[in-house]
Amino acid sequence: MAITFSYDPALKILFTKAEGLLSLADLLSNLDNERYREALKYRELVDASAAWTNVTPGEARRLVLRLRTMMPNGLLGPKAVVTNDRYFYGIARMFSILSDLEEGPRIGIFQTVDEALEWLEREAPVL
């Protein structure tokens with residue numbers, strides 16, 4: 001697995017690229033990395049079109065709870081996830097719904113980067 005990210009200050013969007021197998025440990029490690037770099041507050045486009053996952057439904061719930069503990073005062077920006085993998089798409093949709101139920105960040109799931117970017121540009125930055 002490889003997860004890299006860079007921030008575009010003009011767009012005020014964090015662009016994240018994920019490739020290969022993404023486990024729960026990989027996703028938690030990435031969240032820790034983003035928190036350390038104070039990047040969780042940004043709107044984020046996660047291009048996972050070259051990735052797949054083995055995250056289970058129970059692990060998706062654990063990931064949402066972890067996000068909630070990382071967002072004091074609601075300082076987590078909206079996330080747009082792009083995937084073409086059917087299983088990843090289903091887990092990501094469940095993650096999005098659980099995040100809504102737990103009052104976590106808004107998460108949109110898309111099949112193209114253009115759709116994700118269009119949605120994300122309509123979402124207000126947390127800054």
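The antiparallel fraction among DSSP beta bridges confined to the chain stands at about 30%. Relative to its residue count, region 23-127 spans a Cα convex hull of 90 Å³ per residue. In this Cβ point-charge picture (+1 for Lys and Arg, -1 for Asp and Glu), the chain has a dipole of about 320 debye about its Cα centre.
Local charge sum around Ala39 (other residues, Cβ-Cβ under 13 Å, Lys/Arg +1, Asp/Glu -1)? Taking every Cβ under 13 Å from that of Ala39, the sum is +1. Taking a Cβ cut-off of under 11 Å around Lys79, the surrounding Lys, Arg, Asp and Glu residues balance to a net charge of -1, with basic ones at +1 and acidic ones at -1. For GluC sites (Glu not before Pro), the sites in region 1-65 that DSSP calls loop and that have at most 15 other Cβ atoms within 10 Å are Glu38. Projecting label points 7 angstrom from Cα along Cα→Cβ for Asn33 and Ala124 puts them 3.1 nm apart.
Work through the residues other than Ala2 whose Cβ is under 13 Å from its Cβ and net out their charges, Lys, Arg +1 and Asp, Glu -1. Intermediate values should be presented prior to the final figure.
Details: positive: Lys17; negative: Glu19, Asp26, Asp47.
Residues near Ala2 contribute -2 overall.
Applying the criteria of a DSSP loop state and at most 16 other Cβ atoms within 10 Å to the trypsin sites (Lys or Arg not before Pro) of region 9-67 yields Lys12, Arg37.
For region 22-52, the list of chymotrypsin sites (Phe, Trp or Tyr not before Pro) that fall in a loop by DSSP and count at most 10 other C-beta atoms within 10 angstrom is empty.
Any read-out appearing in this document is the output of simple, stated calculations on the displayed coordinates, not a laboratory observation. Treat the numbers as computed from the prediction; the structure is a model and nothing was measured. Note: ideal-geometry Cβ built from the backbone for every residue, glycine included; neighbour counts use all protein chains shown.
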